[in-house]
């Protein structure tokens, strides 16, 4: 099958434009058009679209173009995620070996959780997804820890993009319910999925931070509910938090620890 069927002309032009600005920042419209050998009108439209999204900016209102701040975010995110799975994997294997239940690593993307690494249980019956699969944020342990430390607009985006479908009778259904659940997660330092995303599934999750202290991922342990009672899931929370903290340290985060006040936290989230 030819690769040409996957080509998107406007997307390729926009990416070429970004590469051109990266290589020769500070050029004006005429110079960029001449370098690319493209009509000025088309280049102008692409520049304005990229500028509106934050991928391109004008330098000191001089109508000379430089890369925008949005690309800094993408670069940092890409660099972190490329090494994240490798850094987390040994910790995930140790956690799986300790409890013989599936351990998941997830990141937030456009209102959903994307699994970037999975270490499955060796039990014949297990809860496991494939790397690259997505799940809802509002009813999963990973999703709740990722949303809990996100800006309000990120939470709003998750609701807008995926909605709040009731997957079981325990799933939160409204934005106020989700806000209350996320407040509990922030207070406790971890989240549980108590058969909220699927009947017969429980999981415990904690947040992973990068060197700046920003939550960039979550780690969870998931199990069939008949092997993991709710009280047992709550008792696992300190171990999941510890695993998340170990990965955070490997990413360069040495700030205030998250392993604090566990008894009070378990009481809070166990209500």
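No value in this document is a laboratory result; all are computed from the given coordinates. Quick caveat, the model's predicted, so the values are computed rather than measured. Ideal geometry is used to build each Cβ from the backbone, glycine not excepted, and the neighbour counts take in all protein chains shown.
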Among 72, 241, 219, what is the fewest-to-most ranking by other Cβ atoms within 10 Å?
-> 72, 241, 219
Would you mind computing, in nm to one decimal, how far apart the modelled labels at residue 98 and residue 226 are, each placed 7 Å from Cα along Cα→Cβ?
-> 2.7 nm
Using a ≥ b ≥ c from the Cα gyration tensor of region 11-67 (square roots of the eigenvalues), is it rounded, prolate or oblate, where a/c under 1.5 gives rounded and otherwise the larger of a/b and b/c decides, a/b for prolate?
-> rounded
Relative to the first principal axis of the alpha-carbon coordinates of the chain, what is the inclination of helix 152-162, with its axis defined by its Cα atoms, in degrees from 0 to 90 and to the nearest 10?
-> 90 degrees
Rounded to the nearest 10 degrees, the helix 69-99 long axis (Cα) sits at an angle to the longest Cα principal axis of the chain of 20 degrees
Theoretical gain in end-to-end length, residue 36 to residue 179 [0.36 nm per residue, Cα-Cα removed] | 46.6 nm
For residue 109 and residue 53, compute 0.36 nm times the residue count separating them, minus their Cα-Cα distance, and round to one decimal in nm.
-> 18.5 nm
Candidate values [x] 55, 42, 32; [y] 46, 45, 35; [z] 67, 46, 37, label of the one derived for Cα extents along the principal axes in Å = [z]
Out of 179, 237, 49, a Gaussian network model of the chain with alpha-carbon springs under 10 Å gives the largest mean-square fluctuation to 49
Taking every C-alpha to C-alpha distance in region 40-191 and binning by 5 Å from 0, the per-bin percentages run 2, 8, 13, 15, 16, 14, 12, 8, 6, 4, 2, 1, 0
Stretchable slack from residue 242 to residue 170, in nm (0.36 nm times residue separation minus alpha-carbon distance) | 23.2 nm
So what is the calculated 222 nm ellipticity per residue for the chain, using -39500 (n - 2.57) for each DSSP H run with n of 4 or more, over all residues, to the nearest 500 deg cm²/dmol?
-> -15500 deg cm²/dmol
Cβ-Cβ FRET estimate between residue 134 and residue 10, R0 fixed at 35 Å, reported to 0.05 | 0.85
Can you tell me the 0 to 90 degree angle between the C-alpha axis of helix 9-23 and the longest principal axis of the chain, rounded to 10?
-> 80 degrees
Relative contact order of the chain, defined on C-alpha pairs under 8 angstrom at six or more residues apart (%) | 14 percent
Theoretical FRET efficiency, 1/(1+(r/R0)^6), r = Cβ-Cβ of residue 29 and residue 250, R0 35 Å, to 0.05 | 0.20
